[in-house]
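What follows is a short report on a single structure.
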Amino acid sequence: MKKILFIAIFITVCNSYAQGFLHTEGQKIVNAEGKNVVLKGVGLGGHMLQEGYMMKVPFSGQQYVFKQHMEDLIGKTATAEFYEKWLTNHTQKADIDSLKSWGFNSVRLPMHYNLYTLPVGQEPVKGKQTWLEKGFQMTDSLLKWCEQNKMYLILDMHATPGGQGHDVNISDRDPSKPSLWESEANQEKLIALWQKLAERYVDEPWIGAYDIINEPNWGFTGKNKNGLDEQENKPLKELMVAITKVIRKVDKSHIIIIEGNGWGNNYNGVLPPWDDNMVISFHKYWNNNTKGDIQGFLDFREKYNTPIWLGESGENSNVWFTDAISLMQENNIGWCWWPLKKLGFNNPLEVKINNGYRQILNYWKGEAKKPSKEEAYNAFMQLAENAKIENNIFHRGVVDAMIRQTTSEETKPFKKNLIKKEGVVNAVDYDMGHIGKAYFDTGAGNYYISTGGERTGWNNGRIYRNDGVDIFEEENSDTLYVGAIENGEWLQYTFNAYKKGNYEVSIVLKSASEGKISLSINGESSVVNIINTDTWKAVKTKINLHKGENKLKVEFLSEGIQFKELKFKRL
C-alpha cells in the first residue's frame, strides 16, 4: 500500500513539473528537466503603476496624485483617455521580443490591484469582490508574448489594496485611508485577488512565480515606521501564510516568492519558509557589490535550503549594474532589474519628454504659465505615444553592461565610425566596456557613504550614456559634449579608417585654463597643449592610422575641459 501511494505521489509531482513549470529543488530554481535556471529579468515599472519620479513630477509621487493634477488640466474624460493609451502603448509585444533578443529570460509585472478589482470603498456590496477584466486581459496578453519568446512572467503585487507601506509612491497609497495593515477588508481583498489569479493561471507554465507582496515597509511594533527594526513581523507573516493557503488550494505548481519588511529585506520572524516551493526575495539598491553585502541572504539559502532571488535592483550606473549582476551570477542568484523604461536615462529604454510635457512640468514647479487645456491634452497624448518602444530612446550601453559585460572584458565600439578622407567621432561616443578598459572616470556609481543616507555623486549630466562620464547638452542646441572632466580621466574610441596613412586630428574643446591632453593610438603617444577658451576651438595634431580598426585613447592631464568631438582629415 505504501509503495502504491508513493508511486501515485511521484506521478502527480512529475506530471506537474513535466508541463514546464519552474520549481525549487533545494537551493536552486530549476525547470521541468531539473536544469538550474538563473532568472535574468526586467521589471515593467511605470506600466500598470507609475511612480512620480518616473514621470519627473515635482509633487507627491503617488499615481492617484499625478492623475488629480492631470485632471485639473484636461478633465477626467481626457485623463482616462490618456491612461487607456498609456496602458496600451507602454508594454507591447515588441518590448518583450526586444528583451528576449537582448538576452533576458524573464519579466516581472508590477501589478496595480485596481486594474483587477475595485477598491474596498467602491464595492457596491460590502465584503464582496468585483472583478475587472482590464488587468486580467493585460496580463493574458503579456503572458502570451512571454510564452512566444519562451520567457517567464513573474506576477508581482506591487500596489496592494490600501497600500503596504509608508513609502507611499511604491503602492499608490492614500495616507488618508486605511492601509493594508489597518483594514481587514483590504487584506481579504488581497487574499481573494491572489486566489483569483491562481485560478486563472494554474495551468500556465510560463508564469514563473507569484511575488505576493512587493516591498512591505510598515512599523508594527518598532520605532522605525518602515519596519527596519521589526523583530517579529507577525502581521506580515500571517498575511503571507494566508495568501499561500488560498493559492495552494487551487495551484500546487507555481513558485511563491516572499519579501520581508523594510522594503523586502527584514525577515525577522518571517522565516523559515512554510511552503516547499518557495523563494526568498531581497532587493538591493545603492550599496556595495561584494559577497559580504549579500552574505545574510546566502546564509538564509544555506540554512533553509531555499533559493534566493534578487527581485528588484537598478537605478544606478552601468558600472554598478555590471558589478551587481556579476556578483549574482557568480553566486547562482537570479535577478530582475528596475525598470525597463521611464522618463530617464539609466534604463534600457527612455520615454522622451516632449516640449509640451516639459512646459507642464515647469508649470507644476511654478516656473511657467499654465498651459491651455488643448496644449496640455496634446502634450499628454504625445507622452503616451512616446511610451511606445519604437519611439523610445534605446540605451544600448545599459543592456551591454547588464548582459555582455558580466561575462566579458572586451571593449566594443558604441557606434560604427568609418574615416574616409575626412570623418568625425563625437566625444560622447566612446567605447562600451568596463571602467578602466573602455574609459576611466573618477565617479563610477551611486553608493551610500554614510548611515545618514548620503550618496556618492557619479554623473552630473544624466543624459545619453549611463557611465560615470559626465555628458551634457549645450543650451539651445542638440550638441552633446563631455564635461566636468577631472585630471587623469580618459576615453577610448574604436573606429575604422578606409586607408592607412597620416591624418590630422582636431580635438574640439573648451577649457577653463591652459592644460594638456595625451593621445595614444596604435602604440604611439603624443601630448597636445590646450589653451584657455570659452568657445569651441580645435586643437590640432598629427597621427598615423592603420587601414581598418584603430583604437584611440584620449587622456586628460588637466581639469576644467569640455570635449565635443574629434575631426579627422587624411593628409
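The values are calculated or read from the model by the stated rules, or taken from the named source; none is laboratory data. Not measured: the values here are computed from a predicted model. Ideal geometry is used to build each Cβ from the backbone, glycine not excepted, and the neighbour counts take in all protein chains shown. For the accessible areas, the whole protein counts, side chains as well, though only heavy atoms, and no ligand, DNA or RNA atoms are used. Shrake-Rupley method; radii C 1.70, N 1.55, O 1.52, S 1.80 Å.
Exactly one residue among K234, K245 is without any contact (Cβ under 8 Å) to a residue 12 or more places away in the chain, basic (K, R) and either open to solvent by 10 Å² or more (accessible area, probe 1.4 Å) or touching a Ser or Thr at 6+ places or on another chain (Cβ under 7 Å) (or both), and that residue is K245.
Inside region 419-443, residues that are open to solvent by 30 Å² or more (accessible area, probe 1.4 Å) and either in contact with a Phe, Trp or Tyr (Cβ under 9 Å, 6 or more places away or on another chain) or assigned to a loop (DSSP other than H, G, I, E, B) (or both) make up a count of 10.
Here G488 passes the criteria (1) part of a loop (DSSP other than H, G, I, E, B); (2) at negative phi except the one numbered (2).
When F568, F563 are checked against the criterion of being buried (at least 21 other Cβ atoms within 10 Å of the Cβ), touching a residue at least 12 places away in the same chain (Cβ under 8 Å) and under 19 Å from F440 (Cα atoms), a single residue qualifies: F563. Among the residues of region 277-292, those that are farther than 22 Å from R108 by Cβ and free of Cβ contacts under 8 Å to residues at least 60 places away in the same chain comprise T290, K291, G292. Scanning region 184-205 for residues that are in a strand (DSSP E or B) and at pLDDT 95 or above turns up nothing.
The set of residues in region 249-272 that are more than 22 Å from E315 (Cβ to Cβ), open to solvent by 30 Å² or more (accessible area, probe 1.4 Å) and either of a type outside the set (A, V, I, L, M, F, W, C) or not in a helix (DSSP H, G or I) (or both) comprises K249, K252, N268, G269, P272. For K352, the test of being out of contact with any His (no Cβ under 6 Å at 6 or more places or on another chain), in a loop (DSSP other than H, G, I, E, B) and within 23 Å of E51 (Cβ to Cβ) is passed. Summed over region 91-107, residues that are open to solvent by 10 Å² or more (accessible area, probe 1.4 Å) and assigned to a loop (DSSP other than H, G, I, E, B) total 3. Scan region 499-517 and tell me whether some residue there is assigned to a loop (DSSP other than H, G, I, E, B) and open to solvent by less than 40 Å² (accessible area, probe 1.4 Å). No, there is no match, as no residue in region 499-517 is assigned to a loop (DSSP other than H, G, I, E, B) and open to solvent by less than 40 Å² (accessible area, probe 1.4 Å). Considering region 59-87 alone, what residues qualify as being among the polar types (S, T, N, Q) and either closer than 25 Å to I389 by Cβ or surrounded by fewer than 17 Cβ atoms within 10 Å (Cβ to Cβ) (or both)? Of everything in region 59-87, those that are among the polar types (S, T, N, Q) and either closer than 25 Å to I389 by Cβ or surrounded by fewer than 17 Cβ atoms within 10 Å (Cβ to Cβ) (or both) turn out to be S60, Q63, Q68, T77, T79. Looking only at residues of region 347-386 that are of a type in the set (F, W, Y) and in contact (Cβ under 8 Å) with a residue 40 or more places away in the chain, we find that the one that is least open to solvent (accessible area, probe 1.4 Å) is F380. Return yes when D172 is open to solvent by 20 Å² or more (accessible area, probe 1.4 Å) and under 14 Å from H112 (Cβ atoms) and no when it is not. Yes: the conditions hold for D172.
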